[in-house]
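Reviewing the structure listed below.
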Amino acid sequence: MTGLRLGPLLRYVDDSSATVWIETSRPCAAEVRCADGSGGTARTFQIAGHHYALVEVTGLTPGTTTPYEVFLDRTRVWPPAEDEAFASLPPSVIATPGAEADAGVRVAFGSCRWASPPAGEPDPVGPDALHGLAARIAADPGGERPDVLLLLGDQVYADEVSGATRAYLAARRGLEDPPGDQVADYEEYTHLYYESWLDPLVRWLLSTVPTCMVFDDHDVIDDWNTSASWVADMRATSWWGERVHSGLMSYWVYQHLGNLSPRELEADPLYASVRERPDGTDVLRAFAAKAEADAASVRWSYRRDFGRVRLLMVDTRAARVLAEGERAMLDPSEAAWLREQALDERGAYDHLLIGTSLPWLLPHLVHDVEGWSSVLTRGDKGPRWARFGEWLRRAADLEHWAAFPESFGELAEVIAEAGTGPDAPATVCVLSGDVHHAYVAEPSWGAEGRGHGSGGRRGRVRGPDARVVQLTCSPVHNSIPLSIRLGFRFGWSAVARGLGRVFARHGRSGRPPVKWRRTGGPWFGNQLMTLTMRGRSSVLRLEHAHTAKRPAPGTGAGQPGPGPEVRLRRVTETELSG
């Protein structure tokens, strides 16, 4: 009998259709049946001996919530009938947005998630925020739930594996040769996704809350695409080619496909080519090799509209231009796409969300040091400083927007233009993760002077009418070392800001085109942020995961398994616009 190896994951949802992603144990016909009579079918496609399907569900009614089941070759496999871990959990559902113009949209987001250990084992990094979200929804299925969950990078860690995965790698191959106890190929990537997404609570959550995803560095390797010399060093190794191609292949299968709408999938030649072949491995591998060699050959960024909320999820890893003197966070085509999507029919949205795994606005000291390192490595201070700048960039992970000064300024310009005028949205929110803490920062325009990233222009730039905020939330489930806590607390201080000016003066990098200040945080812990937007109002909430005593039997649904229950505890709630 054909089995369900992974999934279902509820991915794209609009008012009448949805997509459901699954992995199966063998080729088959996959079917999703909804309680209201809607549904869809798809044949599996094959990649490297694994079988997948992305089922388009059609005929859904706007503003409804309908349970669904998954069948493989006409046999029901979801919900799993004999798995006690799912016995206390409600049915998986597809909730479609309503047709009302003022219907609210709730967006939860975060990044950086290590897989949770098996039930009953101690968790070395504390409770998983996704467990807390799942437990809350399961306890009150008709209550509050996100309309979409944004996972902003590091969904899997190819370079920092668990003890269980290390044992799996050691049993599969020796760990003496590079890359040692890191994943090496596509098969090992599939193991990472199993470990992360087979967790019962997370598996159920992903089956009932739509998700949008984008990669960050650890989905491939720490500090992926930091610089041109970094890439050259990696390409000189014996193992990098297989690693990066497998990383991009698995990302396309496990994450990227579900980001696309049915219309985009229908127009995607790679998706068609993979499905029409008995085995799509070679064509997908060729695509990944081209994508790694030429960033402009593929677009991982995408747009989603949720009523009057527009989401632009931006690839800030693979789309980089790395040649010194030409460095850019986004290649010209990608930058043009971002601008076009932000300015397209501005009156059609009340809130603009720009999802970028890496924060745009950082603590001032970190920002200034990143800008300083970019000046050094460009060679402005000579070859010795250039070598030091490259060493520092790699050692201190200096590869955020601030390390690409022109791109930092261009993003500021896009935000200002999108947020200005009679059709301006109420808010423009830059959603990010990566830095293992949470904070809110707000920019202001109008500074005089020659700012880096300003294209050399002088003069006063008018600030946008929209409220602009940088919302950073990380990690969902990961470690927060004391050094990070102390470093980022200091990084936001007045003393650190003054120290940053010293680096900026030495590099003669000029003033940034915007000023900014921290208006919330820093907060540390496993956490999620949620934006609730209705009309032109927007409310931000931050919640931390914590453990609590499990409720007595018969008092309501909760998470399966032994041990304490994980819950989300509100840390702060702020109105961004009214």
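The values are calculated or read from the model by the stated rules, or taken from the named source; none is laboratory data. The shown structure was predicted, so the numbers you read here are calculated from the model rather than taken from an experiment. Cβ atoms come from the backbone with ideal geometry, glycine included; neighbour counts cover every protein chain shown. Side chains are part of the model used for accessible areas, which takes the heavy atoms of the whole protein and leaves out ligands, DNA and RNA. Shrake-Rupley method; radii C 1.70, N 1.55, O 1.52, S 1.80 Å.
Look at the range 233-264 and say how many of its residues are under 20 Å from Ser207 (Cβ atoms) and among the aliphatic types (A, V, I, L, M).
Here the count works out to 3.
Condition test on Asp147, is it free of Cβ contacts under 8 Å to residues at least 24 places away in the same chain, open to solvent by 50 Å² or more (accessible area, probe 1.4 Å) and charged (D, E, K, R)?
On the way: free of Cβ contacts under 8 Å to residues at least 24 places away in the same chain: no; open to solvent by 50 Å² or more (accessible area, probe 1.4 Å): yes; charged (D, E, K, R): yes.
Considered against the rule, which asks whether it is free of Cβ contacts under 8 Å to residues at least 24 places away in the same chain, open to solvent by 50 Å² or more (accessible area, probe 1.4 Å) and charged (D, E, K, R), Asp147 comes out as no.
Conditions: (1) touching a residue at least 40 places away in the same chain (Cβ under 8 Å); (2) among the hydroxyl-bearing types (Ser, Thr, Tyr); (3) open to solvent by 10 Å² or more (accessible area, probe 1.4 Å). Ser92 meets all but one. Number of the miss?
The number of the failed condition is (3).
Starting from the range 241-259, keep only residues that are on the phi < 0 side of the Ramachandran plot, then list their pairs with residues that are surrounded by 21 or more Cβ atoms within 10 Å (Cβ to Cβ) and among the acidic types (Asp, Glu) whose Cβ atoms are within a distance under 6 Å, requiring at least 6 positions of separation or different chains.
These pairs meet every condition: Val244/Glu292.
Residue-by-condition table, conditions (1) open to solvent by 40 Å² or more (accessible area, probe 1.4 Å); (2) touching a Cys at 6+ places or on another chain (Cβ under 7 Å); (3) of a type in the set (S, T, N, Q); (4) within 30 Å of Tyr68 (Cα to Cα):
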| position | (1), (2), (3), (4) |
| --- | --- |
| Thr165 | no, no, yes, no |
| Arg173 | yes, no, no, no |
| Thr190 | no, no, yes, yes |
| Asp199 | no, no, no, yes |
| Val202 | no, no, no, yes |
| Ser229 | yes, no, yes, no |
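Pairs please, first residue from the range 528-549 and under 16 Å from Asn478 (Cβ atoms), second anywhere and polar (S, T, N, Q) and outside any strand (DSSP E or B), Cβ atoms under 7 Å, 6+ apart in sequence or on different chains.
Pairs found: His544/Asn526; Ala545/Asn526.
Quick check on the range 256-275: of everything there that is among the aliphatic types (A, V, I, L, M) and assigned to a helix (DSSP H, G or I), which residue is farthest from Ala288 (Cα to Cα)?
Step one: of the range 256-275, the residues among the aliphatic types (A, V, I, L, M) are 257, 260, 265, 267, 270, 272, 274.
Narrowing the set further to residues that are assigned to a helix (DSSP H, G or I) leaves 257, 265, 270, 272, 274.
Details: Leu257: 14, Leu265: 18, Leu270: 11, Ala272: 16, Val274: 13 Å.
Across the range 256-275, the extreme among qualifying residues is Leu265.
Given the options Val253, Val231, name the one that is touching a Phe, Trp or Tyr at 6+ places or on another chain (Cβ under 8 Å), of a type in the set (Val, Ile, Thr) and either farther than 19 Å from Gly180 by Cβ or not in a helix (DSSP H, G or I) (or both).
The match here is Val253.
Would a scan of the range 75-88 turn up a residue that is in contact with a His (Cβ under 9 Å, 6 or more places away or on another chain), in contact (Cβ under 8 Å) with a residue 40 or more places away in the chain, assigned to a strand (DSSP E or B) and among the aromatic types (Phe, Trp, Tyr)?
First, pick out the residues of the range 75-88 that are in contact with a His (Cβ under 9 Å, 6 or more places away or on another chain): none.
So far as the range 75-88 goes, no, none of its residues is in contact with a His (Cβ under 9 Å, 6 or more places away or on another chain), in contact (Cβ under 8 Å) with a residue 40 or more places away in the chain, assigned to a strand (DSSP E or B) and among the aromatic types (Phe, Trp, Tyr).
Out of contact with any Asp or Glu (no Cβ under 7 Å at 6 or more places or on another chain) and surrounded by 21 or more Cβ atoms within 10 Å (Cβ to Cβ): does that describe Ala35? Outline the logic, then answer.
Working: out of contact with any Asp or Glu (no Cβ under 7 Å at 6 or more places or on another chain): yes; surrounded by 21 or more Cβ atoms within 10 Å (Cβ to Cβ): no.
When the stated conditions are applied, Ala35 does not pass them.
Against the conditions (1) in contact (Cβ under 8 Å) with a residue 12 or more places away in the chain; (2) open to solvent by 10 Å² or more (accessible area, probe 1.4 Å), where does Gly153 fall short? Just the number, please.
Of (1) in contact (Cβ under 8 Å) with a residue 12 or more places away in the chain; (2) open to solvent by 10 Å² or more (accessible area, probe 1.4 Å), only one is false for Gly153: (2).
Quick one: Phe86 ticks every box in (1) at pLDDT below 95; (2) open to solvent by less than 10 Å² (accessible area, probe 1.4 Å) except a single one, so which number is it?
Only one criterion in (1) at pLDDT below 95; (2) open to solvent by less than 10 Å² (accessible area, probe 1.4 Å) is unmet by Phe86, namely (2).
This table checks each residue for (1) crowded, with 18+ Cβ neighbours inside 10 Å; (2) in contact with a strand residue (DSSP E or B) (Cβ under 6 Å, 6 or more places away or on another chain); (3) at negative phi.
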{"position": "Pro27", "(1), (2), (3)": "no, yes, yes"}
{"position": "Thr41", "(1), (2), (3)": "no, yes, yes"}
{"position": "Glu56", "(1), (2), (3)": "yes, yes, yes"}
{"position": "Gly59", "(1), (2), (3)": "no, no, no"}
{"position": "Pro62", "(1), (2), (3)": "no, no, yes"}
{"position": "Thr65", "(1), (2), (3)": "no, yes, yes"}
{"position": "Val70", "(1), (2), (3)": "yes, yes, yes"}
